[in-house]
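What follows is a single structure, written as structure tokens, with notes after it.
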Amino acid sequence: MNERLLNNEEMFTAANERSLCRGRRIAPRTEVCRPAVAWGKATPDKKVEGVMLDLNPYGMKLRMLHSFPPGTELMVQMMRDEGFTIPLSPPIEVRVVRTAKAMAGLTDHGIKVTLSKIRRSEEGRPTPLTRAQALRRRPTRMHTVDYTVGNRDPRRMGK
């Protein structure tokens, strides 16, 4: 019970009467153990090393020695090696949603990915056909060809 309170994972009843649900997850998480580097958007030169414990398309859980307060805007980059030298992915923009104390002075950070808006590109975009245009289109035709070799029909050569 105390561990759940420390991790901010309270129990609540689902609206569709399914039973009790744990936490407030949008999507199922994938457990990983991937080195990651995080830094504040205002201070890109102060990188903090940590380990990514789980992730899904909407967020992740980072364990670090340094603690960022909830609401902090960060940049996070997954690293390929334990030396934190070779990047695995480009940095993404995130926001710290919650923090919880872990063992040996480490802090777990619940992080939500900040989705950027995708701008529409009006030029070069194909326009869909209207129903009238689709009906006016000519149907495709299939042509077949019969070949004869000399005066013999190749379909009857084996007879």
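With a Förster radius of 30 Å, plug the Cβ-Cβ distance of THR114 and ASP81 into 1/(1 + (r/R0)^6) and report the FRET value to the nearest 0.05.
0.70
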Prolate/oblate/rounded label for the range 28-113 (Cα gyration tensor, a/c 1.5):
rounded
Which lysines have a Cα less than 19 Å from the Cα of LYS112, not counting those fewer than 8 places away in the same chain?
LYS41, LYS47, LYS61, LYS101
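We did not get these values from a lab; they are worked out from the coordinates using the rules stated. This is a predicted model, so every value here is computed, not measured. Neighbour counts run over all protein chains shown; Cβ positions are idealised from the backbone, glycine included.
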